[in-house]
Amino acid sequence: MATNFSQVAPLPKIKHLKLGDTVGEGSFAFVKTASLDFDPSTIIAVKFVHLPTCKEHGLSEKEVTQEVVTQSKCCGHANILKVIDCNISKDYLWIAMEMADGGDLFDKIEPDIGVDPEVAQFYFRQLLNALDYLHEHCGVAHRDIKPENILLDKDGNLKLADFGLASQFRRKDGTKRVARDQRGSPPYLAPEILYSTEYFADLTDIWSAGILLFVLLTGETPWALPSRDDTSFSAFLRNDGKLTSGAWSKIEFTQLNLIRKILQPDPRKRATIRDLKSHSWFSDRISFADDNDLCCKPQVLAAKLLEKLEVSLGDDEYLKSTQDNLYIDRSRVLSTQPMISDIAQLVHNPLNINAFTFTQINFSQELFRDESLAQEVKWTQFVNQDYATQQFMSGPIKLPTKLNPGRLTKFYCVCDMDVILPSLERALKLSSIPVKLGLYDKFLRLVSELSYTDVFPVSIQIKTVDKKGWTLSGGITIAVVDDRLKAVSFERKSGDPIEWRRLFKRISLLCRDLIFVP
């Protein structure tokens, strides 16, 4: 379970800001919403980095502050998350940033399918625009391009975030520094980072952007690591990049042509940003974008983003899921990866993670106070506001006018905990995830210690490996919305977000009787 930093050290007071819910957390930091004292309608995000924890892991204060220094220098572009203010207190570095009102890109990518091709083109174009600005105007390489580091604003525009691994590659005289370190996320690494003693960091960003485009178009990464020990990458090298089977067969010819220009193992042969911007697929008109490559029709983009997201709860899929334990195929796990699989167990979650986000919070609060409405009617109206519910429904989706930051990896439930917890326990076991038996008994013990009202939210903490052998961790958080109505939210902490959504879909299918679908 993540450390509750605010219990270890009190949070600093930030002038003119009122802190809200915790909306994300990691090993060294957590993020809270905040509103302006003089304008409560203006919501921003504040990241708190716990400096003593960073020090314990060998990170100096200078290394920690470098992220905010770099991002502050580079946030003068529409597709880069803006830093508003920052400061250091005794125990924390805090960074006030613009709020990504549209949430994360990663949980809007359907495993094995991807996103609509026009959506992929839109985000690839915005990403290249951001990288062009970083490289040409700032002399900075991001060095960690991946879906988790791409946020969306309320209109669905891309916001490149997390500059923790970024580096200044261009000197003041215009010459390039040579990089020698290994940094980045394994599936998105350029091969020269592993195999060369020196390389240029800006060229590795282009490779990573190509991998991200592959993920957007197919819903999977082409390999776990660009290493000759990886069978998928080895096949890529052996065929000079001209693969046409498996995930590669999902990509149309013009898109494939562009990806092959990017994924050149020899960085000297790799397409430049200028080359890519002149490619026919890159320059094709996008129906919902304006002349500045920004979204001008948010409802169209939202519909396209959501239309491929589906969690089938049908009998055939359910029967197959109960017969096949396919989530972790241990025979395919990379030999270099340790087989770590902790036992999933239930804990009280004092961080009060915002496991569900109201689409219209003020309306929702009034709705639950309206005694004239029956409970079922109130719940139905509330749940229908959240487009996460749409992925469980058959037929046309109800289109949102804007995106919101709520996770799509969640469902609502009106069952009691003596039904919810045994069902989740069974689903985890069927998914080859070891789980400590008696989750409901543990819940009753927590209730006796804290009371039923105070025990929520509770989380089932998971740490396992995905089918590629990489660590996958997070929690299934259960929070009370109103009386018996609960939100069951799958909050990823680390690992491939595509694999996390795959796990969410499998558990949801196995727990289909729990899901409240109006």
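General remarks:
- Yes/no for V31 being β-branched (V, I, T) and within 23 Å of A141 (Cβ to Cβ): no
- Any helices (runs of 4 or more DSSP H) falling wholly within segment 153-246 and containing at least 2 residues that are in contact (Cβ under 8 Å) with a residue 40 or more places away in the chain and buried (at least 19 other Cβ atoms within 10 Å of the Cβ): 191-195, 201-218
- Some residue of segment 321-335 being at pLDDT below 85, farther than 29 Å from P226 by Cα, among the β-branched types (V, I, T) and part of a helix (DSSP H, G or I): yes
A quick yes/no check of all residues on (1) within 12 Å of A344 (Cα to Cα); (2) of a type in the set (D, E, K, R); (3) modelled with pLDDT under 90; (4) in contact with a His (Cβ under 8 Å, 6 or more places away or on another chain):
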{"site": "L424", "(1), (2), (3), (4)": "yes, no, no, no"}
{"site": "L430", "(1), (2), (3), (4)": "no, no, no, no"}
{"site": "D441", "(1), (2), (3), (4)": "no, yes, no, no"}
{"site": "T471", "(1), (2), (3), (4)": "no, no, yes, no"}
{"site": "V480", "(1), (2), (3), (4)": "no, no, no, no"}
{"site": "R492", "(1), (2), (3), (4)": "no, yes, yes, no"}
{"site": "E499", "(1), (2), (3), (4)": "no, yes, no, no"}
{"site": "R512", "(1), (2), (3), (4)": "no, yes, no, no"}
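- For S35, the conditions (1) buried (at least 18 other Cβ atoms within 10 Å of the Cβ); (2) out of contact with any helix residue (DSSP H, G or I) (no Cβ under 9 Å at 6 or more places or on another chain); (3) under 24 Å from G406 (Cβ atoms) all hold with the exception of (1).
- All of S72, S89 fail the test of being touching a residue at least 40 places away in the same chain (Cβ under 8 Å), farther than 30 Å from K250 by Cβ and either touching a helix residue (DSSP H, G or I) at 6+ places or on another chain (Cβ under 6 Å) or of a type in the set (G, A, S) (or both), apart from S89.
- Where helices (runs of 4 or more DSSP H) fall wholly inside segment 430-518, the ranges with 2 or more residues that are in contact (Cβ under 8 Å) with a residue 40 or more places away in the chain are 439-450, 497-510.
- Checking each residue in segment 246-294 for being within 26 Å of the chain's Cα centre (by Cα) and of a type in the set (V, I, T) picks out I251, I259, I262, I273, I286.
- Flag not set for P117, criterion: touching a strand residue (DSSP E or B) at 6+ places or on another chain (Cβ under 9 Å), within 26 Å of T221 (Cβ to Cβ), of a type outside the set (A, V, I, L, M, F, W, C) and not assigned by TED's automatic domain parsing to the domain that holds P40.
- Any hit, segment 465-476, residues being under 14 Å from the mean Cα position of the chain (by Cα) and surrounded by fewer than 24 Cβ atoms within 10 Å (Cβ to Cβ): yes
- Scanning segment 338-357 for any residue that is modelled with pLDDT of 85 or more, in a helix (DSSP H, G or I) and more than 30 Å from L225 (Cα to Cα) turns up nothing.
- Residues located in segment 247-264, provided they are in contact (Cβ under 8 Å) with a residue 24 or more places away in the chain, in a helix (DSSP H, G or I) and closer than 27 Å to L309 by Cα: A247, W248, K250, T254, Q255, N257, L258, I259
- All positions within segment 180-214 that are in contact with a helix residue (DSSP H, G or I) (Cβ under 7 Å, 6 or more places away or on another chain), modelled with pLDDT of 95 or more and small (G, A, S): A190, S208, A209, G210
The values are calculated or read from the model by the stated rules, or taken from the named source; none is laboratory data. Only a predicted model underlies this, so the values are computations on that prediction, with no experimental measurement involved. Here the Cβ is made from the backbone with ideal geometry for all residues, glycine too, and neighbour counts use every protein chain on show.
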